[in-house]
Structure formats: structure tokens, C-alpha cells
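Nothing in this text is a laboratory measurement; each read-out follows from the coordinates by a stated rule. Here the structure is a predicted model, which is why all the values come from computation and not from measurement. Here the Cβ is made from the backbone with ideal geometry for all residues, glycine too, and neighbour counts use every protein chain on show.
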Amino acid sequence: MRTRIKICCIASPAEAALAVDHGADAVGLVAAMPSGPGPIDDALIAAIAATVPPPVASVLLTSESDAQAIAAHVTRTRPAAVQIVRHIAPAESAALARLLPLTRRIQVIHVEDAGVIDLIPAYAPHVDAFLLDSGRPGAATPTLGGTGDVHDWAVSAAFVAASPRPVFLAGGLNAGNVGAAIAQVRPFGVDICSGVRTDGALDPDKLAAFVAAVAAADYSRSNSSAI
């Protein structure tokens with residue numbers, strides 16, 4: 001199976017085009033957050049989303065936490081998918097599925113300990129995918145992504161094994177460690193922000209190296225599975 005690639009923190013149509021040209025399967029558009037890198041305003045998110053060609057997915061990252069507000073945010077920005085970066089109430093997740101039946105919904109799970117595996121049954125009936133990240137949603141100033149920190153991949157691997165939904169892996173990935181991450185966690189996809197940037201800008205050399213590292217990991221996994 002080919003590991004999908006999501007390039008996050010896209011800040012302009014030019015960055016989106018660069019990510020697509022390098023083989024991204026999805027681009028992440030970060031709206032207002034309590035902390036972290038990459039937020040852009042909703043008008044720019046809508047403008048970038050309109051330029052992303054299918055089958056590449058434009059993904060709105062929203063920090064809204066109730067179904068009505070998330071649905072309104074999607075209506076304003078018109079992405080192909082929405083990534084909910086807070087651990088929202090499962091009832092809100094169910095309501096969102098009713099409000100946005102045609103919009104793919106990705107629930108972020110912040111891996112702080114093995115207890116996150118217990119969240120799978122609450123969310124899985126209402127979402128299309130999970131994304132594992134390294135935020136601290138309960139902190140005084142919540143961090144909801146873009147930390148550049150690696151979490152415990154053993155927990156991530158257990159989450160992937162238990163999940164009935166596809167799982168993306170995020171958190172501190174780069175060209176140097178993504179191969180090991182794929183080998184251990186076996187995610188459906190990987191997600192990266194700071195690891196392909198230099199001085200805040202999307203770096204084509206780092207982007208190419210990351211995409212090549214993912215391809216190499218997939219090739220190695222395919223060969224090992226065939227033995």
C-alpha cells in the first residue's frame with residue numbers, strides 16, 4: 001500500500017501548487033488556532049482551496065469545537081475535507097456527520113498516553129479518518145498541532161492496529177525519520193508541516209527529500225511483505 005502524503009500549513013496558492021507538483025495527496029490549510037505555526041485567514045483558505053485540483057484534497061484545519069460552528073467554517077472556506085484539531089464531544093462529532101455528510105471528516109487525536117486508544121469507539125462511527133499528532137489540548141495555552149514534536153510511535157502503532165478507519169501520522173516528521181515511522185506505525189498516510197520548511201517557507205528540496213523518503217519506505221515495506 002502506498003503511504004499517502006499530506007503537506008500542511010500551506011500559506012498560498014503557490015505553496016499549494018508546489019506541494020501538488022511534488023506528489024502531495026492532500027494539502028492542509030490552517031485556520032485560527034490558540035497557538036502554533038501556519039494560520040491564515042478564511043478568505044485565503046477559500047482562495048487556496050479553489051485552486052487545488054482533484055484528486056488532491058484541500059483540508060481545512062479548524063479549532064472550532066461544536067458541530068454548528070465547524071459546519072459554518074466549512075461553508076465559508078469550501079474545502080474537500082475538514083480536520084477537527086480538538087478532542088470534541090462525540091455527540092458533536094455525530095451531529096457534524098449529519099450536517100456535513102458529503103465532506104470528509106478527519107478527527108485529530110493528540111497522543112499523550114496509551115489512553116487515546118479508548119477514544120476510537122467514540123469517534124470511529126462518525127469520521128472518515130483519524131490523524132495522530134503531538135499536541136497538548138489541555139495545556140493553559142492549548143497546542144493543537146504544528147509542534148514539531150515526536151510522540152510515542154508504539155502508541156500510534158497500537159492505535160492504527162485497533163482503528164477501523166484510516167490513520168494519518170503527524171508530529172515531528174521529516175525526511176530523516178519518516179521511514180522509521182512508516183515501518184513501525186504503518187499509517188495510511190503521513191502529515192508534515194515544519195519538517196519541509198525553511199524560515200517558514202515551503203522548501204522544495206526538503207519537500208522532495210521527504211517524498212522520496214516516503215517512497216523508499218513503501219518500497220522497503222513492499223519487498224519485506226513479499227518475502
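Largest first, the three principal axis extents of the alpha carbons in segment 1-121 are 38, 33, 29 Å in whole numbers. Compute the signed sum of charges (Lys and Arg +1, Asp and Glu -1) over the other residues within less than 12 Å, Cβ to Cβ, of P79. It works out to a net charge of +3.
Sum up the charges of everything whose Cβ sits under 14 Å from the Cβ of F188, counting Lys and Arg as +1 and Asp and Glu as -1, but leave F188 out.
Working: positive: R2, R4, K6, R104, R165, R186, R221; negative: D25, D128, D191, D218.
Value of the local net charge: +3.
In segment 69-227, taking the dipole from charged Cβ atoms about the Cα centre, the farthest positive-side position among V150, L202, T75 is held by T75.
Quick one: K206, K6, fewest Cβ neighbours within 10 Å first, how do they rank?
K206, K6
For segment 27-94, the Cα-based Rg and Dmax, in that order, read 11.7, 33 Å.
Dividing the convex hull volume of the alpha-carbon atoms in the chain by its residue count gives 114 Å³ per residue.
Within segment 4-226, antiparallel bridges make up roughly 10 percent of the DSSP beta bridges whose residues both belong there.
Could you tell me the center-to-center distance, by alpha carbons, between segment 1-77 and segment 115-191 in angstrom? That distance is 18 Å. Springs join every pair of Cα atoms under 10 Å in this Gaussian network model of the chain, and among A154, A181, A31 the largest mean-square fluctuation is at A154.
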